[in-house]
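Input: a single structure, listed below in structure tokens.
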Amino acid sequence: MHRRIELFEIRLYQVMTAAILSWLSNSLSVVLIVVGIFYAYAKYKLNYWKRRGVPSPPTHFIFGNFKDAVFFKTSPPQIMAKIQEQAGEDTPFVGFHIFHRPCLIVKDPDLIKTILIKDFEAFPNRHFAKHAKRDIPGSQNLFSMNNPKWKYVRSKITPTLTSVKLKKMVPLMIETAREMLKYIDSHPADSHSRKAMKMRDTSSKYTTDIISSLAFGIQTNSFLHPEPEFRTRGRKLFDITLRRTLSLFVMFFFSELCDMLRTSMLDESEQFFRDIFWASVHAREESGKHRGDLIDSLIQLKNAEQVSDFEFSGDHLLAQSAIFFVAGHETSSLTMSFTLFELAKNPEIQKRARQDVRYQLKKHGVTQEAFQEMKYLNQVISETLRMYPPAPIIDRVAERDYKIPGSDLVIEKGTPVYVPLLGLHYNPKYHPEPWKFDPDRFSDERKKSLVPMTYMPFGEGPRYCVGQRIGQLQSLIGLGMILSEYEISLNPDIDTVVSPKSIFLAPSNDINLILKKDTPNVSN
């Protein structure tokens, strides 16, 4: 009896083993078939540009050319610039892949001009948040919305930023800059009167107070301690965290996934900014007061007759305010802090800039005229924007099949097209010794030799940055006020490194500098 049971158990074991081995064999076959199909599919997709005779770099069969971006080794702008550089001078365009998506880099200035300006109707829209239907503030603002809605909204928003209205903001900028100087003064100094400062954070407080006033009609007082909630939430929008980095990556490069992944330009603070915005709108309407800012213009648009394809109401109204804050305060704060960083590295240039600042302030007082006459400081800022363009990628999408003039290539409808500014701004053909910080590149004489479409920190064509003048003016005033009172030097204890995670050009660990008070005082 026991022998029979033993034989049965052995037989059962053999049957089960055979069944498991058969299942494993079949499963392995299925896996191998699936892997084989995927590899063949990937190979076919990644040969897209090769089949069209377009030069393109080697690809990873999963990540395309964006492996280093996915693993946070290199930022997307730096990857595109490297692809652009390695393509060679005689190549007007080069193909590449973000995962398996074929994209095109345009590097020839004449072709860039054709796409951004001459044939704008074929490339009127950006790829950013293009398909994010759930995120109205992210997809329906002046930066990301599609034509023809974009053209209509821009025609209504642009009058907000006229020279006359901009001039009314100068006192706010000057007063905010004075608050920034008080904030710097309040920091402890060492025995040599030197203050260790985080200048990106300091500059961001300054630009937050200005842009929040323009875009939300509120006074934030970011230099207070502890920080106001508005400042704290605004700062988190640009914190280089894994979650936020992935969210922005999807919005920039895979916007069709935005709704599924529930990404949002305003992230978890969307309701907070919505409440602030509408409280400001309602308070302004009830008071009947006018400040000539963006809020006034949005209220006028809200109460005017609406066109059929776009209404200035609800989150569509909030979107126009939000993009001015999100884009305006961060780009200017980065420009200011990178400018100070380069001045700290180049003492002779800093000395010349400070002399320029002090001379004009002594001549005109703390006025708009004084800052606009600071010719050399303007050159310094222009050179910073060349080396550190805050938004270093210009993106467009082909809205129809488009044949590139003088070539056989047809850009298929829906193909993302990119102009990486780092590749242009650091090309020695257009900017000799590109790694050298040289503000004289932008002197009146040398600017004449600048090749068009090779320096575009604010974009070009109909979709150039509408906030360019306000961004430049607030940077100029903030920097002028700091340089009028402080000598800047590097902090030897902390290096400044550009983050490999950020979609924008941003430092990994702030920009840490040493500031030393240097009279005369011109802040009063």
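Run the simple label-point estimate for Thr74 and Arg194 please: 7 Å along Cα→C-beta, distance reported in nm.
In this crude label model, Thr74 to Arg194 measures out at 3.6 nm.
Can you give me the C-alpha center-to-center distance between region 130-158 and region 184-240, rounded to a whole angstrom?
Computed from Cα coordinates, the inter-centre distance equals 29 Å.
Let me check I've understood the local charge: for Tyr44, count other residues with C-beta under 11 angstrom from its C-beta, Lys and Arg +1, Asp and Glu -1. What total comes out? Write out the running numbers ahead of the final one.
On the way: positive: Lys43, Lys45, Lys50, Arg51; negative: none.
Once positives and negatives cancel, what remains is +4.
If we count every other residue with Cβ under 9 angstrom of Asp293's Cβ, Lys/Arg +1 and Asp/Glu -1, where does the sum land? Before the final figure, lay out the partial values.
Working: positive: Lys165, Lys168, Arg291; negative: Asp296.
Around Asp293, the charge tally is +2.
Spin-label point model (7 Å from Cα, Cβ direction): what's the Leu450 to Lys363 distance in nm?
2.1
Mind listing the phi-derived Karplus ³J(HN,Hα) values for region 99-116, rounded to whole Hz, using 6.51, -1.76 and 1.60 with θ = phi - 60°, and x for any glycine or proline?
6, 9, 7, x, 9, 10, 9, 9, 10, 7, x, 5, 5, 4, 4, 4, 6, 7
Longer than 28 Å from Cα to Cα, which of Lys165/Lys448; Lys107/Lys403; Lys113/Lys302; Lys45/Lys82; Lys133/Lys403 are they? Say none if no pair is.
Lys165/Lys448; Lys113/Lys302; Lys133/Lys403
What distance in nm lies between label points placed 7 Å from Cα along the C-beta direction at Asn509 and Gln86?
2.9
In percent, what relative contact order does the chain have, based on Cα pairs under 8 Å that are 6 or more apart in sequence?
On the way: 750 pairs, mean separation 112.1, N = 524.
It rounds to 21 percent for the chain.
Can you check what the net charge comes to around His131, using other residues whose Cβ is under 9 Å from the Cβ of His131 (Lys, Arg +1; Asp, Glu -1)?
On the way: positive: Lys130, Lys133; negative: Glu256, Asp259.
It works out to a net charge of 0.
Please report how far the C-alpha centroid of region 384-427 lies from that of region 37-106, rounded to the nearest whole angstrom.
What the calculation gives is 14 Å, centre to centre.
Would you please put 349-357, 436-444 in order of how densely packed they are, using the mean number of other Cβ atoms within 10 angstrom per residue and starting with the highest? Before the final figure, lay out each step's value.
Values: 349-357: 19.0, 436-444: 16.4.
Highest to lowest by the protection proxy: 349-357, 436-444.
Please work out the FRET efficiency for the pair Asp408 and Ser443, using the Cβ-Cβ distance as r and a Förster radius of 41 Å; give the result to the nearest 0.05. Working shown, then result.
Values: r = 42 Å, r/R0 = 1.03.
Working from the Cβ atoms, E equals 0.45.
I'd like the antiparallel share, as a percent to the nearest 5, of DSSP beta bridges with both residues in the chain.
On the way: 28 of 31 bridges.
Looking only at bridges with both residues in the chain, the antiparallel portion is about 90 percent.
Which residues does the label zone of Ala304 cover in region 139-159, counting backbone N under 12 Å from a point 7 Å along Cα→Cβ?
What the label zone holds, given the 12 Å backbone N cut-off, is 152-159.
Quick check on packing: order 496-504, 339-347 by the mean number of other C-beta atoms within 10 Å, highest mean leading.
With the highest mean Cβ count within 10 Å placed first, the list reads 339-347, 496-504.
So if each residue of separation counts as 0.36 nm, and I subtract the Cα-Cα distance between Arg101 and Phe61, what length gain in nm does that give?
13.2 nm
Each residue of region 159-173 in turn: what ³J(HN,Hα) in whole Hz from Karplus with 6.51, -1.76, 1.60 and θ = phi - 60°, glycine and Pro shown as x?
x, 5, 10, 5, 4, 5, 5, 5, 4, 5, 8, 4, x, 4, 5
Show that you can apply the helix-only estimate: for the chain, add -39,500 (n - 2.57) for every DSSP H stretch of four or more residues, divide by all residues, and state [θ] at 222 nm to the nearest 500.
Details: 21 runs with 270 residues, N = 524.
Here the helix-only value at 222 nm equals -16500 deg cm²/dmol.
Relative to the present Cα-Cα distance, how much length would full extension add between Arg134 and Val164 at 0.36 nm per residue of separation? Write out the running numbers ahead of the final one.
Numbers: separation 30, 0.36 × 30 = 10.80 nm, distance 3.68 nm.
Working it through step by step, the gained length comes to 7.1 nm.
Amide H neighbours of Asn491 under 5 Å, at least 5 residues apart or on other chains, H built in the peptide plane: list them.
HN-HN under 5 Å from Asn491: Ile514.
Of the listed peptides 318-328, 156-166, what is their order by residue-averaged count of other C-beta atoms within 10 Å, with the highest listed first?
Values: 318-328: 23.9, 156-166: 14.9.
Ranked by mean Cβ neighbours within 10 Å, highest first: 318-328, 156-166.
Under the rule a/c < 1.5 gives rounded, and otherwise a/b versus b/c splits prolate from oblate, where does region 438-500 land using the Cα gyration tensor? Intermediate results must be reported in sequence, preceding the final value.
Details: a/c = 1.63, a/b = 1.61, b/c = 1.01.
Cα axes put region 438-500 in the prolate bin.
Quick note: the coordinates plus some simple rules give every number you see, no bench work behind them. Fair warning: this is a prediction, and the values are worked out from it, not measured in the lab. Here Cβ is always computed from backbone atoms with ideal geometry, including for glycine, and neighbour counts include all displayed protein chains.
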